[in-house]
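Step one of this worksheet: look at the structure below.
The values are calculated or read from the model by the stated rules, or taken from the named source; none is laboratory data. In this text the structure is predicted, and so the values were computed from the model without any measurement. Quick reminder, even Gly has a Cβ in these numbers, built from the backbone with ideal geometry, and neighbours come from all protein chains shown.
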Amino acid sequence: MKYYLTTPIYYVNAAPHIGHAYTTIAADTIKRWKRMQGYDVVLTSGTDEHGQKIERAAAAAGKTPQQFTDIISAEFQRQWEILGLGIDRFQRTTAANHAAQVQDLFRRCLDNGYIYKGSYSGQYCVFDELYVNDAKAGDPCPECGRPTETVSEENYYFKLSAFQQKLLDLYEKHPDFICPETRRNEVLAFVKQGLSDLSISRTTIKWGIPVPNEDKHVFYVWFDALTAYMSAVAGENLWPADLHLIGKEIVRFHAIYWPAFLMAADLPLPKQIFAHGWLLFENDKMSKSRGNIVRATPIHTVLGTDALRYFLMREVVFGQDGSFSYDALVGRYNSDLANGLGNLASRTLAMIHQYRNGVIPACDGNQQIAQSVQEITAIVMECLDRFEFSKALEGVWSVIGAVDKYIVEQAPWKLAKGGDPEAKRLDEVLYTAAEALRIVTATLAPMLPESAAKIWAQLGFATPLDAVKTADLHWGHLQGGQKLGLAGAVFPRADVKASIEKMMELEKSEVARQMELLGQKPQPDPVAAAAVTASGSPVITIDDFGKVDLRVGLVKDAAAVKGSDKLLHLHVDIGEAEPRSIMAGIAGAYKPEALVGRKVVIVANLAPRKLRGIESQGMIVAASREGDVPVLASFLEDVPVGARLK
Ligand code: MSP
């Protein structure tokens, strides 16, 4: 039985980050789970390399598009290798086999009467490679907010309008075609509004796959990109895909355009599209401009890929948005992996080594524990089938908790001292713990492949964990007499501060390396930009601080402002030709006459603005707590007028 699944093929105008890793890790997890169920699984990933966005990124890097895409595509492949993700086919859209596939899809649609020539004149979003039909010149793109560009061109159009009912029938006949439910409802609502025909070729771009017999036209990137799912397995009898795993922002392309193209070409449709949510950084959207994009490799280096896999699968409800933070990552690692699973493994194996010379005793195990492990494992398997990873992991951890409790209650260390009369009970406790550990480890293999394989070897199995099937998850498969392997810590406890510092440091060098690959100038330090102090304010650099011109000034005069019980109007000498006119909200705390002759601190390079019709050419610095009256900043020693605060 085959199972063919795909990740999106990633754009090469950016280097891989944790968001791309999230989808690919989830795909790898599903692959391993399906393999455990007995499927022959093939997983495709790849890179989306055509279009204006890429053409411009290459030009900015001083490279030809092909040179540029070669570099970044290799970076994605390298990333998946480092993270140990089992990508079976890596499809590049610049590969020769792919162009032929796209042209074939086009011909089929054309022959079936679903393609015609037309023209478009209007706004275009280069970032999303999208015509914005109702926009005027200068309008932002409704998808990403970036400015649109005016274009006018001749195109080939795809008769998407002819597929409205066919698509609605498809969604109705296959309710699981789009998952989760929220995404399905969005798509249904969109399609019900009616579909406009879609331009599938461009004459304004050169970097693309040529439309057959048409010199000037290249294919629209999405017509090109979606077809990569088929090119990757051409001639292999794997199409249609069983699952396209994607992020929620590209549902429309996958759930509307793609099945319509395939129907038009008389080709089989993918069975399911699952859209997961967005990974945020500390609840904020990750973006280049915010400088808060996180890379996966520093986490891999410091805590191991399984720590990242566990965090993503456990912390984020698959299908919904979730937040990443280094604190939460290390917290989960220590509490769930080092203390939870790691502790159960090391204490169980250590006791068998100590009390039974490293040989698993022959026994049936405690029946109550056996039953509860069976019941929970069955639920975990159902969750995995529905891609409910977080719930599945919760289930496994409830088994770990129950077995821990059982061990404490049975106190095998006391039984060991009881000699022969207690030997049988001790055997039962040791077998129960080891068998539960075996089932937990095998169940976790899709989520934590590397660590589970280590525990597996420590349990003494010679057969690889990859060969384990769901049928092996039954209680009692562990044979007495099995000799344990060498023990060793699988999840050494992480020092929170040191490991976060290390990850942030590696993140900096990873960003610099990726920027160089992309031919871009270094950005402001992303970690500093994302970090906040204990009081919650963003961390700034010394250069940021240097931009604020703070000066010592002498108040020459001060007066109340008509109609305002808060504002005073001051003239402050900071050593310039004329004193500055400054409005200050300190009337509640100071009488005007008390200020004259007093030295104050002002922000001298604040853009001037008018308050109550009077121009304020700076701001007085005062301290206050929420609700308190302000207290002016001042000096104990005398400071000359105009002195700068540094
Ligand atoms: N090239 C298109 C996809 C074509 S598929 C035929 C594309 N590429 S992309 O590089 O922008 O990758 C988008 C995908 O990366 C998302 O759908 C998602 O799978 C993943 N993610 C990128 N950033 C992400 C987050 N911050 N959070 C979660 N996933 C994100 O769109």
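Quick one: would you say Leu110 is without any contact (Cβ under 8 Å) to a residue 60 or more places away in the chain and assigned to a helix (DSSP H, G or I)? It is true that Leu110 is without any contact (Cβ under 8 Å) to a residue 60 or more places away in the chain and assigned to a helix (DSSP H, G or I).
State which residue is surrounded by the fewest Cβ atoms within 10 Å (Cβ to Cβ) when the search covers only the stretch 16-43 and only residues that are outside any helix (DSSP H, G or I) and near the ligand (Cβ under 10 Å from one of its atoms). Steps first, please.
Let us first name the residues in the stretch 16-43 that are outside any helix (DSSP H, G or I), namely 16-17, 37-43.
The next check asks that each one be near the ligand (Cβ under 10 Å from one of its atoms); those that pass are 16-17.
Details: Pro16: 24, His17: 21.
Among them, the one singled out is His17.
Of the residues making up the stretch 183-196, those that are outside any helix (DSSP H, G or I), modelled with pLDDT of 95 or more and of a type outside the set (A, V, I, L, M, F, W, C) are Gln193, Gly194. Would you pick out the residues in the stretch 248-272 that are surrounded by fewer than 20 Cβ atoms within 10 Å (Cβ to Cβ), in a helix (DSSP H, G or I) and more than 11 Å from the ligand (Cβ to nearest atom)? Arg252, Met263 - these are the residues of the stretch 248-272 that are surrounded by fewer than 20 Cβ atoms within 10 Å (Cβ to Cβ), in a helix (DSSP H, G or I) and more than 11 Å from the ligand (Cβ to nearest atom).
Of the residues examined, Ala275 is one that is within 10 Å of the ligand (Cβ to nearest atom), at negative phi, out of contact with any Leu (no Cβ under 6 Å at 6 or more places or on another chain) and touching a residue at least 12 places away in the same chain (Cβ under 8 Å). Looking only at residues in the stretch 615-634 that are in contact with a Pro (Cβ under 7 Å, 6 or more places away or on another chain) and at pLDDT 90 or above, which one is surrounded by the fewest Cβ atoms within 10 Å (Cβ to Cβ)? Only one residue tops the list, namely Ala622. Only one of the numbered conditions (1) over 26 Å from Thr94 (Cα atoms); (2) basic (Lys, Arg); (3) touching a residue at least 12 places away in the same chain (Cβ under 8 Å) is not met by Lys173, and that is (3). Across the stretch 273-287, which residue is farthest from the chain's Cα centre (by Cα) among those that are under 30 Å from Pro240 (Cβ atoms) and either hydrophobic (A, V, I, L, M, F, W, C) or not in a loop (DSSP other than H, G, I, E, B) (or both)? Out of the qualifying residues, it is Ile273.
Within the stretch 541-572, the set of residues being assigned to a helix (DSSP H, G or I) and surrounded by 12 or more Cβ atoms within 10 Å (Cβ to Cβ) comprises just one member, Asp544.
When the stretch 617-646 is filtered for residues that are under 43 Å from the mean Cα position of the chain (by Cα), assigned to a loop (DSSP other than H, G, I, E, B) and within 15 Å of Lys599 (Cβ to Cβ), the ones remaining, listed by number, are Gly618, Val621. Take the conditions among the acidic types (Asp, Glu), in contact (Cβ under 8 Å) with a residue 60 or more places away in the chain and part of a helix (DSSP H, G or I) and apply them to Glu81. Does it pass? For Glu81, the condition - among the acidic types (Asp, Glu), in contact (Cβ under 8 Å) with a residue 60 or more places away in the chain and part of a helix (DSSP H, G or I) - is not met. Residue pairs whose Cβ atoms lie under 8 Å apart, separated by 6 or more positions or on different chains, with the first residue in the stretch 503-519 and over 11 Å from Pro298 (Cβ atoms) and the second acidic (Asp, Glu) and assigned to a helix (DSSP H, G or I), are Gln514/Glu75; Leu517/Glu75.
Assessment of the stretch 189-208 against the conditions (of a type outside the set (D, E, K, R), at negative phi and in contact with a Pro (Cβ under 6 Å, 6 or more places away or on another chain)) yields at least one matching residue. Before we move on, is Leu245 under 27 Å from Asp88 (Cα atoms) and within 15 Å of the ligand (Cβ to nearest atom)? Yes: the conditions hold for Leu245. Looking across Val187, Val221, one residue alone is β-branched (Val, Ile, Thr), in contact (Cβ under 8 Å) with a residue 12 or more places away in the chain and within 14 Å of the ligand (Cβ to nearest atom). It is Val221.
Residues in the stretch 434-489 that are basic (Lys, Arg) and surrounded by 15 or more Cβ atoms within 10 Å (Cβ to Cβ): Arg438, Lys454. Among all positions in the stretch 205-219, there is at least one residue which is surrounded by 18 or more Cβ atoms within 10 Å (Cβ to Cβ) and part of a strand (DSSP E or B). Here Gly62 clears all of (1) under 25 Å from the mean Cα position of the chain (by Cα); (2) away from the ligand (no atom under 16 Å from the Cβ) except the condition numbered (1).
Would you pick out the residues in the stretch 224-240 that are more than 10 Å from the ligand (Cβ to nearest atom) and either surrounded by 24 or more Cβ atoms within 10 Å (Cβ to Cβ) or not in a loop (DSSP other than H, G, I, E, B) (or both)?
Met230, Ser231, Ala232
Residues in the stretch 573-586 that are part of a strand (DSSP E or B) and in contact with a Leu (Cβ under 7 Å, 6 or more places away or on another chain): Asp573, Ile582, Met583, Ala584.
A count restricted to the stretch 8-62 and to residues that are within 29 Å of Thr441 (Cβ to Cβ) and either touching a Cys at 6+ places or on another chain (Cβ under 6 Å) or among the hydroxyl-bearing types (Ser, Thr, Tyr) (or both) stands at 7. Would a scan of the stretch 145-156 turn up a residue that is at pLDDT 90 or above, closer than 15 Å to Ser201 by Cβ and buried (at least 18 other Cβ atoms within 10 Å of the Cβ)? Checked against the condition, which is being at pLDDT 90 or above, closer than 15 Å to Ser201 by Cβ and buried (at least 18 other Cβ atoms within 10 Å of the Cβ), the stretch 145-156 yields at least one hit. Filter the stretch 125-144 down to the residues that are without any contact (Cβ under 8 Å) to a residue 40 or more places away in the chain and touching a Lys or Arg at 6+ places or on another chain (Cβ under 7 Å), then identify the one that is surrounded by the most Cβ atoms within 10 Å (Cβ to Cβ). Within the stretch 125-144, the match that is surrounded by the most Cβ atoms within 10 Å (Cβ to Cβ) is Cys125.
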